[in-house]
Amino acid sequence: MEYLQIRGRRPLTGTCAVGGAKNAALPLMAAALMIPGETVLRNVPDLSDVEVMASLLRSFGVSVKRQGDAVVIDASAPSGGEVPSSLTGMLRASTLLLAPALDRFGEVALAPAGGCRIGERPVDLHLRGMSALGASFDEGGGVIRGKRQRRRAAAICLDYPSVGATENIVMAAVRARGRTVLKNAAAEPEIDDLCRFLNGRGAKIAREGNTVIIDGVTSLSGGEYTVLPDRVVGGTALLAAAAVGGDVTVTNVGTDQLAAVASKLAETSAEVTAAEHSLRVRRSGALCGADLRTMPYPGFPTDLQPPFTAAMTVAEGTSVIREEVFENRLGFCDELVKFGAGIRRGGGPAVVRGVESLRGADVRAEDLRGGAALTVAALAAEGESRVFGLRYIDRGYEAIETMFAALGGDIVRRSTEEGA
Ligand code: UD1
């Protein structure tokens, strides 16, 4: 079993260039199923979730090959069919294949999606939106079975700006007849990346604030596209710099996309400097506690709430952390307590009373971003820690130990089998 061995309290200094975003790459890969030709996606991160999405596409008879940082997807002659539940169960984003499969085959059968257990994560908004666009669904036996009855445009207003539902609805509307107007859509940068990609393939999608307008087209064609940089990985490095202390510059990020994080870090009295495509965080003095409420974009991203919470465990004063996007995304706090963190948690927010120093501990990640939080806490803790559960962390961070070691962290990946 693999784990991270971390000796904490080494200041983090240096520059970290961010690679492609998992949450952009996965919908783009799914959308490639709609394109009867070759799609070349560049800057695709080397992550287990990307591998699972590739296997899902292959189960539809699509050719997917990795070439360096690119993924080459050829969906010229897909076969369709039912996707193995062993694969859908490994990835939440498998639901993003609903619209592309309906578009390409006229029908789809998808076993329940897996992914991190951070909430119930229903797909009602996805299905309602796609139904308005002419599909029908049956969820008997836990499998979502869909049929495309017709390709019609619609006026849709989401009850909540769900990222995945927005992506599925946009994809379903691309080849509908007429103009679809999707209101209260998610505004995450990864949605814009999907729209840019599809527009490059022949789609006609425009955004006006939280409204996405899609004029249906009849065909899409292959081509190349470079995936957006990963704001969550960049944000994790910045939050780690605040937690541990040091001077870290993250390059190759859209600074606007991390505006909520930069502004929250400034509240904690970390020094934040933004340049055109980079953000720098310096912290030498004490960190102050700050309250947090997660929100859809452009609010503070739920994916960075766990590493922010980890930073607050060593800040002066009390911080109240309200997770408003996923109802069960504070579970990692129970592991943070093993480092000596002062966290009180009932059913509601987590109340974090900062301590002077954390102490090393053995902890286990139970979800991706919670795992990142435990890594940040271990980097800030006095003494040695072991972080287990790397299969979660590897879903969203390309060798997290390499990123932090390059910044001066004492962190290595080990296996319990070593020396056995
Ligand atoms: C995506 C991201 C994830 C991020 C999240 C919020 C990917 C692959 N994952 O997940 O990293 O944390 O956005 O920024 O891009 N909901 C419903 N009904 C639905 C759909 C969602 O009630 O039909 C609820 C969810 O249970 C959750 C909230 O809406 O409470 C947000 O979910 P959503 O925005 O859909 O997140 P994902 O697309 O799953």
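Every number in this text was worked out from the coordinates using simple rules, so none of it is lab data. None of these values were measured; they are calculated from a predicted model. Virtual Cβ from ideal backbone geometry, glycine too; neighbours counted across all protein chains shown.
Relative contact order of the chain, taken over Cα pairs closer than 8 Å and 6 or more residues apart, is 21 percent. Think of each Lys and Arg Cβ as +1 and each Asp and Glu Cβ as -1; about the Cα centre, that makes the dipole of region 227-381 roughly 260 debye.
From the square roots a ≥ b ≥ c of the eigenvalues of the alpha-carbon gyration tensor of region 294-403, which class results: rounded (a/c under 1.5), prolate (a/b over b/c), or oblate? Oblate shape, in that a/c is at least 1.5 and b/c is the bigger or equal ratio. For region 133-210 and region 259-335, what is the separation of their C-alpha centers, rounded to whole Å? Result: 31 Å between the Cα centres. In region 22-225, Cα pairs under 8 Å separated by at least six residues give a relative contact order of 20 percent.
Decide, for the chain, between rounded, prolate and oblate: order the square roots of the alpha carbon gyration tensor eigenvalues as a ≥ b ≥ c, take rounded if a/c falls under 1.5, and otherwise choose prolate if a/b is larger than b/c, else oblate. Since a/c reaches 1.5 and a/b is larger than b/c, the shape of the chain is classed as prolate.
Is the shape of region 22-225 best called rounded, prolate or oblate, per the rule: a/c under 1.5 gives rounded, else a/b larger than b/c gives prolate, else oblate, with a ≥ b ≥ c the square roots of the Cα gyration tensor eigenvalues? Judged from the Cα gyration tensor, region 22-225 comes out rounded (a/c under 1.5).
In percent, rounded to a whole number, the relative contact order of region 17-118 is 27, using alpha-carbon pairs under 8 Å and six or more apart.
Magnitude of the charge dipole for the chain, about its Cα centre and with charges confined to Cβ atoms of Lys, Arg (+1) and Asp, Glu (-1), is about 840 debye.
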